[in-house]
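Input: a single structure, listed below in structure tokens.
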Amino acid sequence: MRFLQPINAILVFLKQDARHFQIVFLAGFLLFGILQLHWDAELTRYLLLLGTCLGVQACFIRWKSLPWSSLKSAAVSALGMCLLLKAAGPGALVLGAVVAIASKFILRVKGRHVFNPGNLGIAAAVLLTGDAWVSPGQWGSGVALFFLVTAAGCMVVLRVGRIDTSLAFLGTLAVLEYFRTVLYLGWEMDVWLHRLSNGSLLLFTFFMITDPMTTPRAQRMRVIWSVAIAVLSFLLGWYFWINSAPIWALLIISTITPILDHLQHGDAFNWNAERSERTARNEQHQLT
Amino acid sequence: MHASAFCGFYVAKADATLFNDRSEVILVRDGQRTIITMSNDFKGDVKDFAMVVPVPTVLRREDIRVVERRLFDALDAYSAPRLVEYYDENPCVRFDLYDSVMESEMSRAPTSTGMAQEKTARKMGVTIEARYTVGEYDILLLSAKESVGLKDWLIANGYRIPATAHEVLDPYIRSNMKFFVVKVDMTRFQQSGFNLLRPIQLRFESNKFMLPIRLGMANSNGSQDMIVHAFTRTGRVECVNYRTVKVPSDRNISLFVKQQFGAFYKDLFARAHRREGRNTVFLEYAWNVTPSFSGVKCDPCVGPPPMPREFAEAGADWGGAATFYTRMHVRYARDMFPQDLVFQVTPNTENFQARYILRHPAQGDLTCSEGQDYLENLAYRRQRELGELNALTGWDVAKHQGYVNEVRGRLSPERRNNAVPFGWNIKWPGDGFPPSWPMVAWIAALILVPCLIRPAKRSVAVA
């Protein structure tokens, strides 16, 4: 089966590090948006976000003598922000990117960073400058299937990311939305489907709240955490009429992540699964 | 095509067949305040006119106004897709460059006459919250407990409402919205001396910034068009639950399109609408129109810029403070637009206009060498214009080959058969490219600074 070798090589590459998978997919979505959905190809914006994130990460890598492979994390945050954050001027973008990356090293509790970097960067840019915004409608609802199938499919097949948070979040939101739109308000099913198939929501579901570094460590706590985000974003959206509510919900719920971690300990996440296994073995060896 | 029901539906008393094809709305958003002005391009007999619009609060008398139709005409003329003409100079002779402007023809054919009105005060779970007379209109603000009661009440009061309407009324009742019910008082309408129903303006405070389009689809078959003129203090308005995309703009098109610009834009819009999946909101114009701002407000302007008085009439009376104008065009149908349109105000102040360019060829003797180069380029250009025209509208351009050949005919025989060069006019994909110098400097700094930092003591943190 020689012809399968390249595919196999790609799969191995994607599986090797969850961030490979994220970078490939986020970049793919960005290209899709520009080419297919006719977004404004604001190359300056993308360059600025990517450059700033990588640059700030590089500063911290030098300062704290971290492995250079952690640049991948910055690339993931930057691409996520390219997909979600828009700004009228460069200042808001630079601020967002700097806050996103710096927060990973500064806002730490018990050795873990508290906020999802992209999430905090977006929030900082929107709240502090008033010059930035999020366009929840930019994906429309037509690409839902594309998102669901590719993202969820790959996550299951490649066992990367934390699909349990995605499923708990989306499942809870779907149930709440169903009660609100269909059962209570009396809209048809397609209104419900249209709300849930919003591309930005799915992007958030599969690429933002699955970040293993900022989700609670124990699975039970992760599910509780995801459900809390879903409930809060439902409330913010329906009762306070806040657009892109999930982003604000995640920001708020992130503050209790250390508490959830304290309640139930779980295994620390390491991007490179193989290497972490090796380290674990070494540690065991040293202990014995 | 014309006439409109906007967010509400027309409720006919006679068996008039009603189609809501096109409507216009002015939306002013300032903080939590929304001012909606709806144009009443009602097709049928004015005495049959009635409209139901869901509103978030019980409006006070002073929150309801009647404005003049010419407000819409002024805004429409100003922000409509435009055609601009340029004249090439003769490379063999020196000419002054000048340009002129042609206004787009957006057809509008409103009709309307008399109407009758009757009231019953019976309640079927329906509360009459308020009752006003504004201009030629009789206005009721209703709240209801359930849609069947509201439907029955409307029927009992002599309205004929679409069979499917009550299903759509329910969600609005459940959302605690009120119903703004409008009828025309024939006596006052005749006294007013107007031929047409004037637009109604509502003003309310609410955190909901949306247009309830679902009711308007209850008595319409197929798709309807709506033009939204939105004004904010900060920047563009965009749709939150549907995509907002720019309509194709800044394209060079063939000279013969001038005579049929209306048809051209109609076909262009229809094609863009289909290509984007029939579920998008199109941006047609976005510009800073602050009265005190002396910069260019359009290039070219197809109508005189709106006057401060017109902004005030639309509700954007901020005393000369920054005003941003967004014009959106949405063609919606039930299958592709299940949700009401929800909007948000963004800080985006990037200008945009739907603009199509005609370039007139140079006149006079073009036999000099530069003239022949020019003609060669002109032939290529016209070939591309035809391709562009076909791509934009789907028109069959094969029959217009003479448009290119007439230029070729003026070339000397040895030049006539030159091939069209490839990649004659490749543009960078983004408007922000190549990046400006501060941007380049910032990126260079981002690469250099990490290289200069000295590592601190070893740490085990993993990021």
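The values are calculated or read from the model by the stated rules, or taken from the named source; none is laboratory data. These numbers were taken from a predicted model, which means no experiment stands behind them. Neighbour counts run over all protein chains shown; Cβ positions are idealised from the backbone, glycine included. The protein model used for the area step is the full one, side chains on, heavy atoms only, and it has no ligands, DNA or RNA in it. Shrake-Rupley method; radii C 1.70, N 1.55, O 1.52, S 1.80 Å.
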Exactly one of these conditions fails for B:Pro162: (1) surrounded by fewer than 23 Cβ atoms within 10 Å (Cβ to Cβ); (2) more than 18 Å from B:Phe42 (Cβ to Cβ). Give me its number. (2)
Which condition from (1) modelled with pLDDT of 85 or more; (2) within 18 Å of the chain's Cα centre (by Cα) is the one that A:Gly51 breaks? (2)
For the range B:240-263, name all the residues that are modelled with pLDDT under 90, crowded, with 17+ Cβ neighbours inside 10 Å and among the aromatic types (Phe, Trp, Tyr). B:Phe261
Return yes or no: is B:Ala354 farther than 30 Å from B:Ala77 by Cα and among the small types (Gly, Ala, Ser)? no
Only one of (1) under 20 Å from B:Asn207 (Cα atoms); (2) more than 14 Å from every other protein chain (Cβ to nearest Cβ) does not apply to B:Ala312, and that is (1)
What are the residue pairs meeting all of these: first residue in the range B:359-372, first residue in contact (Cβ under 8 Å) with a residue 60 or more places away in the chain and closer than 27 Å to B:Asp250 by Cα, second residue charged (D, E, K, R) and in a strand (DSSP E or B), Cβ atoms under 8 Å, and 6 or more apart or on different chains? B:Arg359/B:Glu85; B:His360/B:Glu85
Answer residue from the range A:76-120, given it is within 12 Å of the chain's Cα centre (by Cα), buried (at least 24 other Cβ atoms within 10 Å of the Cβ) and over 21 Å from A:Trp39 (Cα atoms) and is farthest from the other protein chains (Cβ to nearest Cβ) among those: A:Asn119
Filter the range A:60-75 for residues that are within 8 Å of another protein chain (Cβ to nearest Cβ) and closer than 12 Å to A:Arg19 by Cα; which is nearest to the chain's Cα centre (by Cα)? A:Ser73
Would you mind telling me which numbered condition in (1) loosely packed, with under 13 Cβ neighbours inside 10 Å; (2) at pLDDT below 85; (3) at negative phi B:Gly364 fails? (3)
Filter the range B:264-275 down to residues that are charged (D, E, K, R) and touching a residue at least 60 places away in the same chain (Cβ under 8 Å) and give me whichever is least open to solvent (accessible area, probe 1.4 Å). B:Asp267
For the range A:212-235, what are the residues that are of a type in the set (A, V, I, L, M) and under 14 Å from the mean Cα position of the chain (by Cα)? A:Met213, A:Ile229
Of B:Val168, B:Val181, B:Val228, which residue is among the aliphatic types (A, V, I, L, M), surrounded by 16 or more Cβ atoms within 10 Å (Cβ to Cβ) and closer than 23 Å to B:Ala312 by Cβ? B:Val228
Residue in the range A:29-51 that is farther than 30 Å from B:Arg275 by Cβ and open to solvent by less than 10 Å² (accessible area, probe 1.4 Å) present: yes
